[in-house]
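Visitor: Submitted below is the structure of interest, expressed as structure tokens.
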Amino acid sequence: MESRCRRSMTIAMKTYTITCLAVSLGALGVSPVLAGSDGAANSLISSSLDVQQFGRLSLGRLDASRAADQKPGAVNWWGAATGLFTDASGDGPANGFTTRTGGYMLGMERVGEVVTGGLMLGQQFGHMQPAGFQRRSRINQHSTQIGAFGSVQKRLDRTLFTLDGYAAYSSVNYRSHGYSHAAGHSSFARWDNNAVVMGGVASWEQEMARGIRMRPFVGLEYSYVRMGGFSDGAEVYGNSHFGNLSGTLGLEFSRTWSVGAEGSLTPVVSLAYIGDMWRDEAEVSTGGAASTGTDYGVRYGRNAFQVSGELLWVISANWSSSLAYTYEWRSNLQNHLMEISLTRSF
């Protein structure tokens, strides 16, 4: 191939030689930035976790407004700092990955006697690192999120029945930078995933003693991620998607102590089981000058256990704060979610 290129050189000799070299590198398989990493397929899973955690955090906002025992008509404006840490191990044909992101959320809700509703938005910044990625390579992950949430509640004697719901959308942008030792140069790729989530939780809170409450709850959640086709310079990655439907069954305990004239402190602990009832696994078709194939996302377990702890602090009639941590474990996948927030009520 190289000698044939030299015999056909003309005035455009330099340009034509570079073209031949690029084709040769692509054929050798050393140019693609994502080759062998399963990074494109695993980005679908990472995007799904991104939007799921964003939606679920809205449930904490509803819990906080109930803990403050606010009057109908109150409006809350709040801000939160968040962090999500994911560790996924490889399974079968797929490589594992880690995700480290942090960001912020802003939102508001209006409290009603029966119905409470609110809006929220946020951004997350960080990176996803596939286990099969080359050294000196990385994938930056940046998401922009919007959502809505609400609650319907009814109190009968010492029991509070609630139905909480949320819907959220996240646009997740990925920028990969890979270095090939064989070729001695870097390659780049960029793509966007669009993720949505919808969920609902029904609960009935029973006051067992003064300030001590028990709350069994059941929930349902559906998430879907779509990725458009893109190229990293040598490989072409086709359109793909990932979907998941899960159910939740859990139990929560809380205890409230009065602090000062207007304040209170409420620690909350919950344990839940999450079961995935349906899943469309993450797979991305690839094609290039040398070959075609399929990238597989991690096949993580369909049964998960989740432990959550939260501290709600009502500082005064107008200010409150919360600190929360959630750990979720399942086969081949672990999640850590942290949040700290501050609320101003009017």
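Visitor: Quick query: amide H of V298 versus all other amide H atoms, modeled in the peptide plane; which residues come in under 5 Å with a sequence gap of 5 or more or a different chain?
Guide: So V298 has HN proximity to no qualifying residue.
Visitor: As an exercise, identify the GluC sites (Glu not before Pro) in region 179-281 lying in DSSP coil whose Cβ has no more than 16 other Cβ atoms within 10 Å.
Guide: Answer in residue order: E262, E281.
Visitor: Ranked from the most accessible area to the least, with a 1.4 Å probe and all protein chains present, what is the order of H177, H142?
Guide: Largest accessible area first, the residues go H142, H177.
Visitor: Something else now. Taking Cα centroids, how far is region 204-221 from region 247-299 in Å?
Guide: Value for the Cα centre distance between the two parts: 20 Å.
Visitor: Here's something else I'd like to know. Tally up the carbon and sulfur contribution to the accessible surface of region 166-316 as a whole percent, 1.4 Å probe, everything protein left in place.
Guide: 60
Visitor: Probe of 1.4 angstrom, ligands and nucleic acids ignored: what's the accessible area per residue over region 196-346, in square angstrom?
Guide: 48
Visitor: Using heavy-atom solvent-accessible surface (probe 1.4 Å) with all chains present, what is the largest-first order of K71, K154?
Guide: K71, K154
Visitor: Roll a 1.4 Å probe over the protein heavy atoms and report the accessible area of I340 in Å², nearest 10.
Guide: Around 90 Å² of this residue is reachable by solvent.
Visitor: Probe 1.4 Å, all protein chains in place: accessible area of Y222 in Å², nearest 10?
Guide: Accessible surface of Y222 is approximately 70 Å².
Visitor: Further question: Between M277 and A209, what is the spin-label point distance in nm, taking each point 7 Å from the Cα along the Cα→C-beta axis?
Guide: 3.8
Visitor: Using a 1.4 Å probe, how large is the accessible area of H336, given in Å² and rounded to the nearest 10?
Guide: 50
Visitor: Something else: Between T159 and S331, take the C-beta separation as r, use R0 = 41 Å, and let me know the FRET efficiency to the nearest 0.05.
Guide: 0.65
The values are calculated or read from the model by the stated rules, or taken from the named source; none is laboratory data. Because the structure is a prediction, the values reported are computed rather than measured. Heads up, the Cβs are rebuilt from the backbone with ideal geometry, glycines too, and the neighbour counts pull from every protein chain shown. For accessibility, only protein heavy atoms count, side chains too; no ligands or nucleic acids. Shrake-Rupley method; radii C 1.70, N 1.55, O 1.52, S 1.80 Å.
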